[in-house]
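J.: Below is one structure. I have some questions about it.
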Amino acid sequence: MDDTTLKIAIAAFIHDIGKFADKEALGVTEQYINNNSAYLPIRNGRHKDHHAIYTAAFIEYFKKDLPYEFNSSGWGEGDKFIKLAAGHHNPKTPMQQIITVADWLASGMDSDEFDKSEKNSIQSYKKTRLLPLFEQLQKPRMDDLELFSYVYHLKPLSPVSIFSEEKNKIQKNDPKKEYKKLFDGFVHDLKRLRHKDKKLALWFDHFESLTMTYTSAIPAAGAGSVVPDVSLYDHCRLTSAFATAIYLYHRETETLDAESIKNGDDQKFFMISGNFYGIQDFIFADYGDTRKYRSKLLRGKSFYISLLSELAADLLCKRIGLPSVSVILNAAGKFTILAQNTYNALSAIEKTKQEINKWLMDISFGEVSIGFSHVAAGYKDFSTEKFMDLWEEMGSRMEENKFSKIDLNRHGGTIAGYLDQFDNRLDHPMCTLCGKRPSVPETNYALSTDQIGQVCRLCRDHVFIGTQLVKKDRIIIASKDAKISGNKNQLTEPIFGQYQLLFSSSDAKDPLNSEQIFKYWDISLYQDDAPSQDVSKKIINSYVPVYDKEGRKNYQSLLAAKSKAKQEEMIEEIHPGDPKTFNHIAVNALDKNEDGKVSGVEALGALKADVDYLGMLMGCGLERQKYTISRLAALSRQLNYYFALYLPHLFMTDKRFKNIYTVFAGGDDLFLIGPWNRIYESSLILNKTFSDYVCRNPEIHFSAGISLYKAHTPLNNIANSAEAALEKSKSKGRNRLTMFSQTATWDEVKELENIREKFETWLQNEWLTKSMLHSLNEFISMAAMEKQALKKKPISTDDMHCFKWRALFYYFAARNIGKQIEEKERRREIVDELTACMIKWLEKYEGRLRIPLWNVVYNYR
Ligand SMILES: [Zn+2]
């Protein structure tokens, strides 16, 4: 990317900063406004009080804290930076005109509509709070502020602030004070941003992230003809992406003049989407003796896949000449880039695809591949009348791409030289972790704490990443030839042959010179509040349980029932700071009772979940006249936050969930492995918090499936049966949970949860015994069979006894319930009460009663 492109991108990004850094916040004088009135259009014979002038003031007042290029001439071609950033309401040059047009496009309006809405909104934006998109989905005519029950807090982005609040609870707060606090935080961190004078593109990454933190909850437009539901951050980002693409289009087609820029007839853009295929198999492949490394490998691999997606988007942007702000959507391994429709861009797409696929072929032998699809678009396609059609077309292009994912002419047939790669002088010429790729000698000493011997480069890198992720809070993405001392702390196989990666920490100095650094991310998990930041905050890391210092002591008691040898082996595996193995996680399903005895069943639970009808929600959940690219980007970003920002925070801070291992969580889906009983508990909390997150909109919900395993079950089997449980929830009508092969709606799950509590109380009162709970299983089967028979489904004579279940149950209850109660009358009452309850439940829930029943049986064994 050249200087001029970067200048346009940043100028467009910063164009509306004056809505946040305004007259009051900056203390702008009347003198300043008069001197700079050229930035303002004249309306009714006088200049209007306007944010464009405050954008200019921000750039001048914070001169010292911003890159020196912002206030100097000679940076790139054309206008001075400050003129570009502040000139968008009264454009005087072709380059200023570009930002003006980009501003309209990001809003999904033409110039007339835009003028009207700006006029209406100027006075009141500081009184306005951002309204949730979630509350509007699938609800027509939400076009008045009064119709909304929820609003967002005016707070920096954090796992707590991303939840909306009921409007009446928030109205007392003074928005002016909250704006001031936000601005003070922004300025505090602005002064700390790194790489300001070292590498401008990198500083812009940090600045973009800082703006996300502080302006995600500020509406881009105030109350007026538009509902204020798009954040200033989303508006700025999209404006920047549009401006960059428009600039490059006109530069590459040699039409950089105001008339051509205003002309909306040409298809000036490409929307490019990227998608990886074969990820599931890549992540869940288990082989040979990998048990000890399973959780590290899995963590490493799953993060690696996120990295591949990030870096594929980055590589494509680089090749096309775009800044990273051109990636307009990015979640869970899928990304969308806005680019210029030129020959250059087209050939870059093709070349980059081939380059990435060749590398993927070499490392995964065809298991993983990437597909790019693109559609051409003009200004009008981003208008509210037409954007829905454009988005639909993108979707169908991606579907087509699925079926032609690998170029068989290029990559078909046997893999050339596969056997030659193996070094037969090694102990294990074939990698013992994947059983696919050749071992290489240099991996022998590549990991200091693990004695895994020689493995392949990729597996070594995965274990390396999986181990470091839980210890370090910063990641630096650098060029492949970056010189780093020692080779233990970097990849042995640079990604796409281009990107080196190293871990660092917040107190460390840059280990490299800035020219070699492409990305510098703070990946630490959020505490309740937004962190103070000095580099880009990247929401890419997820929560996994690690051993703490008391690990050995705590496990000692839980392992008591095992053989001495097994106990010693498992204690030996505990290293504080390392991710827990699945064996240990399964043990955490056991509970230590007051008498020191251990109860429960040692097993893993896996939960797979995804948001129901997501394509429909994103494709047509909003009314056509509200359907803009900014809202779509905001919606995708906000949905991702629930999984990628809120959940890690929940697991980290809520003691019940501290042993839950996140396989992945992002976009719209989720895969967790944990102690089976904690996984069940987490599903209840997920259902509740997700509903809160989407403003209790009954149209937005998710399906989930839970399945149970012994700790040594191969990952592939775990993934497949969790998926099967999820599919069952979907096939029964979605918005449901499946556990123990039984499917219930979330409302039923709540009722069943009350039943579970009743069972527990009765067990504690010794009115019921564990063996009686076991017998209840038989009655559940009979009750279910009876229902089938009544629906006239064929039933064999052997099964006819099912009709007798009530009589049998009365007999069973009278003999067994409350046996130790001495007072006859009291026992009679209890038997009657419990019998009536259980018969009612058996009739109503049939098999679904197994969900609370087995939860109790397994916990009290
Ligand atoms: Zn391997």
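J.: If you check ASP461 against the conditions, is it acidic (Asp, Glu) and surrounded by fewer than 20 Cβ atoms within 10 Å (Cβ to Cβ)?
T.: For ASP461, the condition - acidic (Asp, Glu) and surrounded by fewer than 20 Cβ atoms within 10 Å (Cβ to Cβ) - is not met.
J.: Then there's this: Just one of (1) in contact with a helix residue (DSSP H, G or I) (Cβ under 7 Å, 6 or more places away or on another chain); (2) buried (at least 19 other Cβ atoms within 10 Å of the Cβ); (3) within 29 Å of MET1 (Cα to Cα) trips up PRO159, so point out which.
T.: (3)
J.: Just to check your reading of the model, which residue among LYS770, LYS793, LYS730, LYS824 is farther than 17 Å from TRP841 by Cα, in the same structural domain as GLU681 (by TED's automatic domain parsing) and either touching a Cys at 6+ places or on another chain (Cβ under 8 Å) or not aromatic (Phe, Trp, Tyr) (or both)?
T.: Of LYS770, LYS793, LYS730, LYS824, the one residue that is farther than 17 Å from TRP841 by Cα, in the same structural domain as GLU681 (by TED's automatic domain parsing) and either touching a Cys at 6+ places or on another chain (Cβ under 8 Å) or not aromatic (Phe, Trp, Tyr) (or both) is LYS730.
J.: Something else about it: Restricting attention to segment 450-464, does a residue exist that is modelled with pLDDT of 80 or more, away from the ligand (no atom under 13 Å from the Cβ) and in a helix (DSSP H, G or I)?
T.: No, the conditions are met nowhere in segment 450-464.
J.: For ASN444, work out the one condition from (1) within 16 Å of the ligand (Cβ to nearest atom); (2) modelled with pLDDT of 85 or more it doesn't fulfil.
T.: If we test ASN444 against (1) within 16 Å of the ligand (Cβ to nearest atom); (2) modelled with pLDDT of 85 or more, just (2) comes out false.
J.: For PRO494, indicate whether it is more than 16 Å from the ligand (Cβ to nearest atom), within 25 Å of SER158 (Cα to Cα) and free of Cβ contacts under 8 Å to residues at least 40 places away in the same chain.
T.: no
J.: Another question, then. Would you check if SER295 is touching a Lys or Arg at 6+ places or on another chain (Cβ under 6 Å) and farther than 17 Å from ILE629 by Cβ?
T.: no
J.: Considering only segment 302-319, I want to know if a residue exists there that is among the aliphatic types (A, V, I, L, M) and part of a loop (DSSP other than H, G, I, E, B).
T.: The answer is no, given that none of the residues of segment 302-319 is among the aliphatic types (A, V, I, L, M) and part of a loop (DSSP other than H, G, I, E, B).
J.: Any residue in segment 377-388 that's in a loop (DSSP other than H, G, I, E, B): show its pairings with residues that are among the charged types (D, E, K, R) and at pLDDT 90 or above at Cβ separation under 8 Å, as long as the two are six or more apart or on different chains.
T.: GLY378/ASP265; GLY378/ASP266; GLY378/LYS268; LYS386/LYS380
J.: Taking the condition among the hydrophobic types (A, V, I, L, M, F, W, C) and touching a Leu at 6+ places or on another chain (Cβ under 9 Å), does LEU190 pass?
T.: Spelling it out, LEU190 is indeed among the hydrophobic types (A, V, I, L, M, F, W, C) and touching a Leu at 6+ places or on another chain (Cβ under 9 Å).
J.: Here's another thing I want to ask about it. VAL160 - would you say it is closer than 24 Å to ARG637 by Cα, in contact (Cβ under 8 Å) with a residue 40 or more places away in the chain and outside the structural domain of GLY621 (by TED's automatic domain parsing)?
T.: For VAL160, the condition - closer than 24 Å to ARG637 by Cα, in contact (Cβ under 8 Å) with a residue 40 or more places away in the chain and outside the structural domain of GLY621 (by TED's automatic domain parsing) - is met.
J.: Tell me which strands (runs of 3 or more DSSP E) are completely within segment 652-743 and hold 2 or more residues being free of Cβ contacts under 8 Å to residues at least 40 places away in the same chain, or say none if there are none.
T.: By residue number, 736-739.
J.: Moving on. Picking from ILE755, ILE780, which residue would you name as being part of a helix (DSSP H, G or I), touching a Pro at 6+ places or on another chain (Cβ under 8 Å), among the β-branched types (Val, Ile, Thr) and closer than 30 Å to SER683 by Cβ?
T.: Among ILE755, ILE780, only ILE755 is part of a helix (DSSP H, G or I), touching a Pro at 6+ places or on another chain (Cβ under 8 Å), among the β-branched types (Val, Ile, Thr) and closer than 30 Å to SER683 by Cβ.
J.: Look through segment 277-301, keep the residues that are assigned to a loop (DSSP other than H, G, I, E, B) and of a type outside the set (Val, Ile, Thr), and return whichever of them is nearest to the ligand (Cβ to nearest atom).
T.: Restricting to residues being assigned to a loop (DSSP other than H, G, I, E, B) and of a type outside the set (Val, Ile, Thr), the top hit is TYR287.
J.: Right, something else. Could you check, for segment 162-180, whether at least one of its residues is closer than 30 Å to GLU69 by Cβ, at pLDDT below 95 and over 23 Å from the mean Cα position of the chain (by Cα)?
T.: Yes, the conditions are met somewhere in segment 162-180.
J.: Does SER691 fit the bill of being more than 24 Å from LYS537 (Cα to Cα) and touching a strand residue (DSSP E or B) at 6+ places or on another chain (Cβ under 7 Å)?
T.: No: the conditions fail for SER691.
J.: Please name all residue pairs, on different chains or six or more residues apart, with Cβ atoms under 6 Å, provided the first residue is in segment 455-469 and is over 20 Å from TYR543 (Cβ atoms) and the second residue is near the ligand (Cβ under 6 Å from one of its atoms).
T.: VAL455/CYS431; VAL455/LEU433; CYS456/CYS431; CYS456/ARG437; CYS459/CYS431; CYS459/LEU433; CYS459/CYS434
J.: Something else: Just name the residue that is surrounded by the most Cβ atoms within 10 Å (Cβ to Cβ) out of those in segment 819-849 that are assigned to a helix (DSSP H, G or I) and touching a helix residue (DSSP H, G or I) at 6+ places or on another chain (Cβ under 6 Å).
T.: This residue is LEU849.
The values are calculated or read from the model by the stated rules, or taken from the named source; none is laboratory data. These figures come from a predicted structure and were not determined experimentally. All Cβ positions, even for glycine, are placed from backbone atoms using ideal geometry, and neighbour counts span all protein chains on display.
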